[in-house]
Amino acid sequence: MVLNAAAPSRYWTDIAGEFDLPVDEITGSLPANLVGTLYRNGSGRWNIGSTMVKSVFDADGMVSAFVLDGRGVRFRNKFVRTKHYLRSTEAGQPLDRGFSSQRPGGPLANALRLPANTANTNVMVNADRLLALWEGGRPHELGLDTLETYGLSSLGGVLKGPVGAYSAHYTHDPIADTKVNFGFDPYIPRLDLRWALRDARGAERRRRLRELLAEAVPRVRLRVYETDARGVTRYVRSVPLPGLAIVHDMALTQRYAIFVVSPMRINPWALTGYASFWDSMQFEKDLPSYFVLAPRNGGPVRIVETDAFFHWHFTNAYEDGGDVVVELPRFAPHTWSGVKNYTAHVRSDIAQIGGAEPADAVVLTRFRITAAGRVTREPLADFGCEFPQIDQRRSTVRHDFSYVAVQEPDRFGGQGIARVDHRTGAAQMYCQEDNVLVEPTFVARPGGTAEDDGWVLTVGYDEIRHRSRLMVFDAAHIDEGPTAEAWLPFHIPMSYHGTFTTRVAR
């Protein structure tokens with residue numbers, strides 16, 4: 001993301017269409033043994049008719065694929081044919097409520113409506129299908145080769161209820177060869193007001209009514225799922241949360257599914273339709289954050305309190321003796337207003353987060369949670385970063401290297417990527433002015449076992465040329481720049497997350 005931009009970047013303009021083409025302009029040399037497909041998901045359409053989409057939450061999902069067959073690169077992209085995409089395309093304007101936008105018609109038109117599923121956040125390879133993932137609903141199934149949308153999936157009937165949410169952030173367990181994910185499960189306690197108030201009169205009746213309504217505030221628990229290598233998904237357990245907050249990501253150890261509940265509170269009156277869900281959220285910096293450690297075997301949930309902070313994504317988690325170690329980019333409480341402003345107004349001149357001071361950076365941080373419930377933290381880098389990734393073979397166990405998107409343009413002139421060596425604290429960085437590089441993806445070299453024996457793939461946007469390209473880095477030498485770049489004749493708008501598979505899309 002381009003942070004602190006004084007005016008909207010051309011990065012946020014629509015892609016020119018849907019394509020399936022060979023990439024003819026390649027600089028450098030593609031590794032012959034880098035074979036497979038990089039799938040990414042994110043925004044693609046920032047205008048619906050004459051209506052401008054301003055939020056990263058509400059842009060329609062577009063899945064792209066860079067296919068590497070050992071000889072060259074092929075690119076294809078398609079919008080996910082969600083209900084929202086089809087309805088708004090036919091009407092020439094948005095018709096549904098978004099997460100940070102309202103549908104036309106005022107409060108009554110938005111009351112009791114959840115945001116439309118835009119399928120715009122992540123992708124997951126699931127047996128012979130590609131899943132387009134989004135926070136608040138079921139995944140959409142796509143073809144691995146064509147990217148054609150087949151429709152919503154309940155993952156074999158496991159996702160139940162009217163929402164059936166399956167998060168955008170699954171975590172790989174390489175030991176069990178499974179993917180673990182979660183979905184929010186909202187519920188409202190049922191009340192029998194006639195029975196509860198039958199003997200109350202006057203002030204006593206009003207007091208009881210206030211108490212009952214307070215108990216009826218919507219609450220959220222999480223449902224945890226596990227998918228095996230064959231693509232079969234099973235329900236694992238329910239996890240109650242200490243507060244009504246957004247949980248965007250999860251971490252995993254061999255024993256625990258781990259969540260963070262920050263004091264970013266959702267006002268349930270967003271359901272009345274008087275404000276968007278995003279505008280109804282506030283960061284209560286005087287409240288604590290909580291680490292929620294849910295045993296994967298179904299035992300009692302551990303809730304550990306710590307100082308207030310906010311985060312979007314985890315890097316990794318693992319167990320060290322009796323301690324649980326969790327690593328993530330940490331937003332300090334004072335950065336929240338900027339985060340909120342930026343994510344909901346990316347195409348506005350008010351879109352900004354933080355500033356040039358180190359205290360404003362999003363800090364890669366290691367938390368250690370002891371068996372006694374004591375929490376300590378230490379910074380792992382001295383620059384702002386987000387979208388952390390690792391060698392996924394090290395998921396759930398200790399890792400030595402993190403690959404991140406660098407997000408301090410006032411300091412570095414652009415958004416690049418970096419490799420952080422946790423053994424020494426040293427960082428290799430690659431940043432170019434007027435360039436935006438998205439989340440890095442580590443791909444192991446065939447036969448290699450070291451965490452940096454392979455490549456890092458990202459997609460870079462050049463503001464001056466208004467073009468994007470697939471960039472390939474030697475994972476051990478990020479600071480030396482890309483060894484190959486496959487340039488598209490157009491640009492790709494912001495994509496958020498992706499995955500690499502050794503399967504070559506046909």
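So here's what we get for this one:
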| item | result |
| --- | --- |
| Hey, Tyr430 over 22 Å from the mean Cα position of the chain (by Cα), at pLDDT 95 or above and of a type in the set (Ser, Thr, Tyr) or not | yes |
| Residue in the range 10-28 that is outside any loop (DSSP other than H, G, I, E, B), in contact with a helix residue (DSSP H, G or I) (Cβ under 7 Å, 6 or more places away or on another chain) and at pLDDT below 95 present | no |
| Sole residue being assigned to a strand (DSSP E or B) and at pLDDT 95 or above, chosen from Arg469, Arg503, Arg465 | Arg469 |
| Selection count, the range 65-83, where residues are in contact with an Asp or Glu (Cβ under 9 Å, 6 or more places away or on another chain), in contact (Cβ under 8 Å) with a residue 40 or more places away in the chain and not hydrophobic (A, V, I, L, M, F, W, C) | 7 |
| Residue match in the range 73-84 (condition: assigned to a loop (DSSP other than H, G, I, E, B) and touching a Gly at 6+ places or on another chain (Cβ under 6 Å)) | yes |
| Counted residues, the range 253-297 - those being within 30 Å of Thr178 (Cα to Cα) and of a type in the set (D, E, K, R) | 2 |
| Any hit, the range 138-150, residues being polar (S, T, N, Q), more than 16 Å from Thr499 (Cβ to Cβ), surrounded by fewer than 18 Cβ atoms within 10 Å (Cβ to Cβ) and touching a Lys or Arg at 6+ places or on another chain (Cβ under 9 Å) | yes |
| Residue tally, condition crowded, with 16+ Cβ neighbours inside 10 Å and farther than 16 Å from Leu222 by Cβ, over the range 290-310 | 5 |
| Qualifying residue in the range 237-260 (condition: at pLDDT below 90, surrounded by fewer than 21 Cβ atoms within 10 Å (Cβ to Cβ), out of contact with any Pro (no Cβ under 9 Å at 6 or more places or on another chain) and among the polar types (S, T, N, Q)) | no |
| Identity of the residue in the range 472-500, assigned to a helix (DSSP H, G or I) and not β-branched (Val, Ile, Thr), that ends up nearest to Val53 (Cα to Cα) | Asp479 |
| Among (1) outside any helix (DSSP H, G or I); (2) more than 28 Å from Arg10 (Cα to Cα); (3) of a type in the set (D, E, K, R); (4) at pLDDT 95 or above, the one test that Asp382 misses | (4) |
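The values are calculated or read from the model by the stated rules, or taken from the named source; none is laboratory data. Nothing here was measured: the structure is a model prediction, and the numbers come from that model. No Cβ is skipped: glycine too gets one built from the backbone with ideal geometry, and neighbour counts run over all protein chains shown.
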